[in-house]
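Peer 1: Next up is a structure, given as structure tokens.
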Amino acid sequence: MVKIESPNKHQARQLRPVLGPPVNEALLAPNNSYGAPDFVHRGYYVDRPFRCVDCGKEEVWTGTQQKWWYEVAKGFVYTTAVRCRLCLRKKREQSDESRRVHVEGLERKARRVREGSQ
């Protein structure tokens, strides 16, 4: 059996624009701006290409990732992606290590103070 599609269905499929995930304005974090970002006016998210500030790799911030960032994580609506996933992971690991070293230093200092006051 051969499946034959009518040309009208095929043409309609080609002409239909591909829209990204829809914007739910009620889920966006509040901001004190006088205007709204372009994706709110458009009504959907579009994939945005960017270059990683650390390694220079060309990446794409997908509409789905933007929807998560703005509506779930409540990120500021005028921020955009600047790091690729690998560099973002490295940056988080560096921050976590710095935080761990800082907390250990505070704990040592607190121990010295307690031991000195006894």
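Peer 1: Tell me, what is the FRET efficiency for TYR78 and ARG99 to the nearest 0.05, using R0 = 22 angstrom and their Cβ-Cβ distance as r?
Peer 2: 0.25
Peer 1: Could you calculate the contour length gain from LEU106 to LEU27, that is, 0.36 nm times the residue separation minus the distance between their Cα atoms, to one decimal place in nm?
Peer 2: Using 0.36 nm per residue and subtracting the Cα-Cα distance, I get 24.6 nm.
Peer 1: Extension gain ARG114-CYS55, at 0.36 nm per residue separation less the Cα-Cα distance, in nm? Before the final figure, lay out each step's value.
Peer 2: On the way: separation 59, 0.36 × 59 = 21.24 nm, distance 4.58 nm.
This chain segment gains 16.7 nm when fully extended.
Peer 1: Taking 30 Å as R0, compute the FRET efficiency from the Cβ-Cβ separation of HIS41 and ARG92 and round it to 0.05.
Peer 2: Once rounded, the FRET efficiency stands at 0.40.
Peer 1: Number of Lys pairs in the range 19-117 with C-alpha atoms less than 23 angstrom apart, excluding same-chain neighbours closer than eight positions?
Peer 2: Count of close lysine pairs: 6.
Every read-out reported here was derived from the displayed coordinates using simple, explicitly stated rules and does not represent laboratory data. Owing to the predicted nature of the structure, the values given are computational and were not obtained by experimental measurement. All Cβ positions, glycine included, derive from the backbone under ideal geometry; neighbour counts span all protein chains shown.
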